[in-house]
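The values are calculated or read from the model by the stated rules, or taken from the named source; none is laboratory data. Just so we're clear, the structure is a prediction, and the values are computed from it rather than from any experiment. Cβ coordinates were reconstructed from backbone atoms using ideal geometry, including for glycine residues, and neighbour counts include every protein chain displayed.
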Amino acid sequence: MNIDERLEKLAERHEALTRDLEITAAMQRTSTERDEAFTHRLEAFTQRDEAFTQRQEALARRHEALAQTVELMQRDFHERFGQVTHTFEIALDSIKRLENIALAHE
């Protein structure tokens with residue numbers, strides 16, 4: 001193999017390496033663009049996740065407040081129901097006394 005053949009082979013290798021480098025650079029640009037797009041989507045997802053977490057925490061607080069309200073209302077209901085029952089017992093007792101008085105005056 002003479003020098004011209006070696007130079008020709010070297011030039012072919014150089015061209016092949018140049019093409020490989022161009023392909024690699026193009027692949028790197030594509031990869032970088034994909035990474036940037038992924039990063040953008042991840043940031044958007046993170047923001048939505050944070051907003052969801054805040055809404056979930058607000059709902060949990062509302063749920064707790066409603067649970068406490070229901071508990072207070074149940075206690076109040078039972079207390080008032082007891083008072084109404086007691087009032088009806090007094091009224092029933094009074095009606096029975098009036099009945100006894102009316103029977104006694106017949």
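If you check Phe38, Phe81, Phe88 for being over 48 Å from the mean Cα position of the chain (by Cα), surrounded by 10 or more Cβ atoms within 10 Å (Cβ to Cβ) and not hydroxyl-bearing (Ser, Thr, Tyr), only one passes: Phe88. Against the list (1) of a type in the set (D, E, K, R); (2) modelled with pLDDT of 95 or more; (3) outside any helix (DSSP H, G or I), the condition Glu106 fails is (2).
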